[in-house]
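Enquirer: There's a structure below that I have some questions on.
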Amino acid sequence: MNNSFLIFDGDCLFCNWIAYYLAKSDKNDRFKFVSSTSEIGGYFLVKYELQSIVNKTVIVRVGEVFYIKSKAVFMFLKESNAYPLLRFLIRIVPTCIADFVYDIIAKHRKKFIKKECPILPPEIRKKFLN
C-alpha cells in the first residue's frame, strides 16, 4: 500500500474543496486523502501524535516523513507532479515567507467558501479514506 497521504481539516469547507482539487490533480494516485474528522483520520492523528497541529495546517506524509504548512503543499505538488508554476513559486520563496502566507490563508479559510461541498465522482472518491 502507498504510504503517502494528506490529512486535511474535515470541518472546513475550504479545506474540503482544496482536497477535492488536489485529488483530481493527483493523476498517478500517489496520495490518499484523509479527513481529520474521519475514523481513520482520528487514528492517524493519535498514532503519529498530530492532534495539536491538524486544525492549523495540512499534513502531508511522504515515505516516513511528515510535512506541514508550505512544505506540505510543496511536497504534495512535487510528488503528484501537479501545478508546476505554484510548485516553483513555493520553492523559490523562503519558507518563513511561504509559511506566513500559508498562515494568513489558514486563519481566514473558513470565510472563503460559502457553498456546499462538491459531489465527488467515483474515480476521485476512491482516493479518500474514511
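Enquirer: Going residue by residue through segment 76-85, is there one that turns out to be over 14 Å from the mean Cα position of the chain (by Cα), free of Cβ contacts under 8 Å to residues at least 60 places away in the same chain and in a helix (DSSP H, G or I)?
Expert: Yes, segment 76-85 has at least one match.
Let's see how each residue does on (1) among the small types (Gly, Ala, Ser); (2) at pLDDT below 95:
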{"position": "Ala82", "(1), (2)": "yes, yes"}
{"position": "Leu86", "(1), (2)": "no, yes"}
{"position": "Ile92", "(1), (2)": "no, no"}
{"position": "Tyr102", "(1), (2)": "no, yes"}
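Enquirer: I want to confirm something. Restricting to segment 53-77 and keeping residues that are surrounded by fewer than 17 Cβ atoms within 10 Å (Cβ to Cβ) and either closer than 18 Å to Cys15 by Cα or charged (D, E, K, R) (or both), which single residue is modelled with the highest pLDDT?
Expert: So the residue we want is Glu64.
Enquirer: Looking at segment 1-51 only, could you name the residues that are assigned to a helix (DSSP H, G or I) and closer than 19 Å to Lys110 by Cβ?
Expert: Passing the criteria: Leu13, Phe14, Cys15, Asn16, Trp17, Ile18, Ala19, Tyr20, Tyr21, Leu22, Gly41.
Enquirer: Ok, one more. Within the set of pairs 6+ apart or on separate chains, which have a first residue in segment 96-111 that is under 14 Å from Ile18 (Cα atoms), a second that is surrounded by 11 or more Cβ atoms within 10 Å (Cβ to Cβ) and among the β-branched types (Val, Ile, Thr), and C-beta atoms under 8 Å apart?
Expert: These pairs meet every condition: Tyr102/Thr57; Tyr102/Val73; Ala106/Thr57.
Enquirer: Filter segment 59-75 down to residues that are assigned to a loop (DSSP other than H, G, I, E, B) and touching an Asp or Glu at 6+ places or on another chain (Cβ under 8 Å), then give me how many there are.
Expert: Summing the residues that are assigned to a loop (DSSP other than H, G, I, E, B) and touching an Asp or Glu at 6+ places or on another chain (Cβ under 8 Å) in segment 59-75 gives 0.
The values are calculated or read from the model by the stated rules, or taken from the named source; none is laboratory data. The structure displayed is predicted, hence computed values, not measured ones. Glycine also receives a Cβ, built like all others from the backbone with ideal geometry; neighbour counts cover every protein chain displayed.
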